[in-house]
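The values are calculated or read from the model by the stated rules, or taken from the named source; none is laboratory data. As the structure is a prediction and not an experimental result, all values here were calculated from the model. Methodologically, a virtual Cβ is constructed for each residue, glycine included, from the backbone with ideal geometry; neighbour enumeration extends over all protein chains shown. Keep in mind that these areas ignore ligands, DNA and RNA; they rest on the heavy atoms of the full protein, side chains included. Shrake-Rupley method; radii C 1.70, N 1.55, O 1.52, S 1.80 Å.
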Amino acid sequence: DEENRYRLPLSNEIVLKGHNKIVSALAVDPTGSRVLSGSYDYTVRMFDFQGMNSRLSSFRDFEPVEGHQVRNLSWSPTADRFLCVTGSAQAKIYDRDGLTLGEFVKGDMYIRDLKNTKGHITGLTWGEWHPKTKETILTSSEDGSLRIWDVNDFKSQKQVIKPKLARPGRVPVTTCTWDREGKCIAGGIGDGSIQIWNLKPGWGSRPDIHVEQAHSDDITGLKFSSDGKILLTRSFDDSLKQLFLTGTSVERESTIGGLLCFFDRSKLELVSRIGISPTCSVVQCAWHPRLNQIFATSGDKSQGGTHVLYDPTLSERGALVCVARAPRKKSVDDFELKPVIHNPHALPLFRDQPSRKRQREKILKDPLKSHKPELPMNGPGHGGRVGASKGSLLTQYLLKQGGMIKETWMDEDPREAILKHADAAEKNPKFTRAYAETQPDPVFAKSDSEDED
């Protein structure tokens with residue numbers, strides 16, 4: 001009965017997964033058709049309720065700035081562009097499909113006065129698009145300033161706001177927001193104060209409303225009510241100031257996980273409490289007015305997801321569209337062309353020329369190009385040649401092994417082999433008969449030595 005009285009859409013739930021670390025940023029466009037989620041894994045994922053089926057997979061993911069966590073995402077009022085704020089000093093603008101449109105300029109970190117820098121000089125903490133004007137955005141930074149920008153000019157800023165401090169120095173601005181009409185700005189300062197500026201002609205950095213020590217720790221969230229009369233704040237000091245929907249973190253040595261808590265704005269009483277994750281904290285939450293669906297991001301060091309709570313009887317479109325749409329079944333007629341991969345660096349035009357030394361060594365190893373005769377082989381041999389087998393041809397080797405050729409001349413003395421045919425040649429002079437008549441008599445030189453006589 002209590003839930004029916006407040007009509008909370010909490011009966012069903014889906015989870016938009018894909019991140020491998022905690023989801024730190026969430027943005028649902030005004031029409032409720034597209035959801036953006038940013039994470040500590042440095043990526044942004046884009047989900048489209050109209051294009052998703054029950055697998056709930058994102059249609060695009062990208063890394064805005066390498067090595068920087070995503071801290072906030074904000075749609076333009078016309079939902080044709082969105083703002084991405086990361087841990088870097090430069091915010092980026094993307095179109096509806098996730099293509100980069102521009103990046104705001106970074107300031108000179110060596111200029112002492114922040115009013116004279118062209119942009120933020122340290123990491124951003126928050127940023128939001130103007131709720132009514134599609135050309136204006138607001139950013140806050142760890143450098144201790146808030147800045148208003150024109151999205152058509154990425155190189156210059158419209159206004160620099162320096163919060164009022166008790167003592168000179170730089171205190172980070174942890175978060176910021178517009179009111180629902182875009183007529184005033186609220187900033188959460190690192191000293192625990194909340195400062196509000198009204199946008200009027202000739203306005204400057206002096207705040208119109210200054211709530212000192214509103215919280216005892218860093219302020220993590222600001223949100224104006226729809227009538228602009230109440231400002232909702234959230235802080236690390238475990239307190240809620242005029243809050244009606246918030247997420248809680250997992251405490252150490254606690255058995256309670258991340259919760260989504262609903263409060264009555266007038267009585268500040270806890271109306272409902274929903275467990276989102278048993279082990280992970282709830283970081284961002286949003287209640288979309290058109291869809292009547294609640295979004296809550298959670299995760300830890302190894303996973304991250306966006307929980308979408310809805311009620312089929314109370315909610316419209318959004319998660320209801322994609323949950324009912326089953327994935328398409330594969331047909332036998334499906335055909336997918338395998339992509340042809342071109343590697344330009346493998347072409348001869350881009351290939352490095354081989355060194356001449358390697359070329360010479362390659363030619364020396366080639367017997368045809370080097371004109372080098374084949375050396376005798378040692379060992380078993382290969383390629384039709386047999387090494388260490390008393391012959392270089394395979395045919396000779398096989399004949400010898402088979403006993404078809406018996407050769408003994410290799411083991412004989414050449415002189416004895418010739419002399420054993422001397423008697424037969426003398427008896428039957430076959431070749432020397434032709435020179436019998438013309439053979440000259442041998443004449444030997446006579447010695448003149450007396451010793452021989």
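Please tell me which of these pairs span more than 18 angstrom C-alpha to C-alpha: K118/K155; K115/K223; K183/K223; K92/K183?
K115/K223; K92/K183
Need one number: nm distance between label points at N198 and M109, each 7 Å from Cα along Cα→Cβ, rounded to one decimal.
It is 3.9 nm.
Given points 7 Å out from each Cα along the Cα-Cβ axis, report the Y6 to S370 separation in nanometres with one decimal.
The two pseudo-label positions are separated by 8.9 nm.
So for each of 138-144, 17-23, 113-119 I average, over its residues, the number of other beta carbons within 10 Å; can you give me the resulting order with the highest mean first?
Put in order of decreasing packing, that is 138-144, 17-23, 113-119.
If packing is taken as the average count of other Cβ atoms within 10 Å, what order do 74-83, 34-43 fall into, highest mean first?
34-43, 74-83
Compute the FRET efficiency between S254 and S302 as 1/(1 + (r/R0)^6), taking r as their Cβ-Cβ distance and R0 = 22 Å, and round to the nearest 0.05.
The pair S254/S302 has a calculated efficiency of 0.65.
Give me log10 I(q)/I(0) at q = 0.12, 0.19, 0.25 Å⁻¹ for region 1-93, Debye formula, one equal scatterer per alpha-carbon, no solvent.
-0.43, -0.91, -1.28
Residues with amide H under 5 Å of G144's amide H, sequence separation 5 or more or different chain, H placed in the peptide plane at 1.01 Å from N; which?
Placed amide hydrogens put V173 under 5 Å from G144.
Beta carbons within 10 angstrom, averaged per residue: use that to sort the peptides 263-275, 176-188, 207-219, highest first.
In decreasing order of mean packing, 263-275, 176-188, 207-219 become 176-188, 207-219, 263-275.
Residues of region 271-305 with backbone nitrogen within less than 17 Å of a virtual label 7 Å along the Cα-to-Cβ line of E316, please, listed as ranges.
287-294
Estimate the FRET efficiency between Q439 and E412 by the formula 1/(1 + (r/R0)^6), using the beta-carbon distance for r and 45 Å for R0, to the nearest 0.05.
My answer for the efficiency is 0.90.
Of all the accessible heavy-atom surface of region 228-325, with the other protein chains kept in place and a 1.4 Å probe, what percent is carbon and sulfur?
Whole-percent figure for carbon plus sulfur exposure: 50.
Tell me the per residue accessible area of region 230-285 using a 1.4 Å probe; a whole number in Å² is fine.
57 Å²
Under a point-charge model restricted to the Cβ atoms of Lys and Arg (+1) and Asp and Glu (-1), what is the dipole moment magnitude of region 64-242 relative to its Cα centre, in debye to the nearest 20?
Dipole about the Cα centre, nearest 20: 500 debye.
Between K267 and L101, 0.36 nm times their residue separation minus their Cα-Cα distance comes to what?
This chain segment gains 55.2 nm when fully extended.
P(r) tail for region 64-242, what percent of Cα pairs lie past 20 Å?
Value for region 64-242: 50 percent of Cα pairs lie more than 20 Å apart.
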